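Notes to accompany the following structure.
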């Protein structure tokens, strides 16, 4: 029996337009009424999925596909290499150390599985002291973005007594004397769930062995409550540098001062009109990455004794491809560029001269890069749609690139499947790439089940990567597709700006055009096409099913943003106004946001595709109300028997640190939903 959702009479005036909000009562996640409604929705969803005979086979096969060893990149600290390792199905990867890369002597440093009986404690911030003898580490629980920071003595393997709270996305910068570190946090508060808890970020100095209440306030800017300040100490321990951010906006400022000084900070970059990242320094010369006058990025050198722009020296000019990562290792610039949404790596000297292009495969993503400025080794990881993460070590002196952590086999399905890249035209004629992965013997007869994934926002690039769930889909005869929509960072800042604010509709047009291309070229037909996206990608799916409901046979709308008029009122939602706009304060913003807001564009009497909406009860990034209200609106208004279901995960957040057991259950439900719609079998 379908869950009935009560409606209340709430109407709000937005610049002269009356907007009804009948499910506003669902914004209170703690009320008994909301909890009862969520329970009924989950029961309805599980009843529907439990009647699918293939669900247990899907779960069993997905569990098998998840059960392989997973290493992170190592980092050399003192006498040890440190790395995360999951032997297959552990809820959380364990943090180990070893004296060599053979890891035959690995010992546990931190085991988050022992920190929570539910498996929902995750290590989310690790920063070693400069001599590698101490470790500041953050722990997040139940998927929250909030972190509690503790400090471990790596010689005794014991924690110092203090516990640092009110930290979120915090930077940590150890001083050379190992006696403490700078970090940023938010004010003490009774509730970390309110939007106001994410204002007034401040920088403190914490001295080891002392309580947090005694931390020294180093920097604040009370008149600019929205800004946050991430501390970094320069390579030579001479300067304390603060990177200034406003939420997720890719525009930064940089302040600095002599580390031992207590005078006010100097402003190196104030405007916050472009992105700047501090890479390192040689005395008074700061090496910075920026996209100023270079949408695809460039590297510059700034002498802080003459910091005016006319004195800046360009080290690496804007390339034809897009910069996606730059760092200084072995006194060299390690540069990752993105070529048509997949990545390449090269090494330059500090004057910008090319030293070497590393020989890496096509259609890959770099999953990480690590190394020391004065070290002789560089670690990198890469993945593709057909192969999990591989960890490599490059030796600068020997000029060798070799794989490490090879004692355990990892899956590779390249013999059976292939990935190709195509370019298609969007509504306005823009050329957009997408990756298509499928069985090598595919027939383009229009009958293949296709899963089309997209994101399109926040300058985030959708690049190739392995997933056990994608392999499950491929094994069942499915085609997996990722479209590189505007709003992402695949082609630099201009590509990003073409998909935000009043141009957000471009993102939806790009995704719709991808679906149409796949149909027109015989890969599938609407009844066999599923679309999927999470977070901002959930917004994408919500907008696309309300704009073109007839185009899809199933929709997976995961942890979505759907209420574009009120998102800024909850937790970190106010960070997103530079990407989406602010409908409350700006009438022009209201007009274009209201036009596409998924919640406000569900129409009475329309046949929407079978849709699964997901969220988690402790998601403090995209709060559950978006999924609740959207599911209720769809359930009330859609005009067919197609299922509109809501799945609410308990004791979980936006995805951060989600334990393996929950991942398996969630993916089993998601793919059971699609397999059931399309008549697929494992």
Protection-proxy order for peptides 522-535, 114-127, each taking the mean of Cβ atoms within 10 Å per residue, highest first: 522-535, 114-127
Folded to 0 to 90 degrees: helix 625-637 orientation relative to the chain principal axis, Cα: 10 degrees
Distance from region 136-206 to region 387-442 (C-alpha centre basis), Å: 36 Å
FRET E, pair residue 372, residue 33, Förster distance 60 Å, beta-carbon r, rounded to 0.05: 0.60
Global geometry of region 323-409, whether rounded, prolate or oblate, following the gyration tensor of its Cα atoms and the 1.5 cut on a/c: oblate
Ranked by how many other beta carbons lie within 10 Å on average, peptides 358-364, 515-521, 131-137, 11-17 from highest: 131-137, 515-521, 358-364, 11-17
Cα centroid separation, region 458-477 to region 1-78 (Å): 21 Å
Pairwise label distance in nanometres, residue 153 with residue 270, each label 7 Å out on the Cα-Cβ vector: 4.6 nm
Centroid-to-centroid separation of region 603-682 and region 258-316 [C-alpha atoms, Å]: 45 Å
Rounded, prolate or oblate (a/c below 1.5 giving rounded, otherwise prolate when a/b exceeds b/c) for region 234-318 by Cα gyration tensor: oblate
Length gained when the stretch residue 415-residue 309 is fully extended (0.36 nm per residue, less Cα-Cα span): 32.9 nm
Spin-label model distance (nm) - residue 17 vs residue 179, 7 Å beyond Cα toward Cβ: 6.0 nm
Förster-model FRET efficiency, 22 Å R0, residue 584 and residue 497, C-beta, rounded to 0.05: 0.45
Extension gain from residue 447 to residue 293, taking 0.36 nm per residue of separation minus the Cα-Cα distance: 50.7 nm
Percentage relative contact order, region 323-409, counting C-alpha pairs under 8 Å, at least six apart: 19 percent
Highest-first arrangement of 148-157, 575-584, 75-84, where packing means the average Cβ count within 10 Å: 575-584, 75-84, 148-157
Förster-model FRET efficiency, 30 Å R0, residue 640 and residue 425, C-beta, rounded to 0.05: 0.40
Cα-based shape type of region 597-682, given that a ≥ b ≥ c are square roots of the gyration tensor eigenvalues and the cut on a/c is 1.5: oblate
Approximate spin-label separation residue 258-residue 47, in nm, with each point projected 7 Å along Cα-to-Cβ: 7.3 nm
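Just so you know, all these numbers are worked out from the coordinates, no wet-lab data involved. Since this is a predicted model, take the numbers as computed values, not measurements. Glycine gets a Cβ as well: all are built from the backbone with ideal geometry, and neighbour counts include every protein chain shown.
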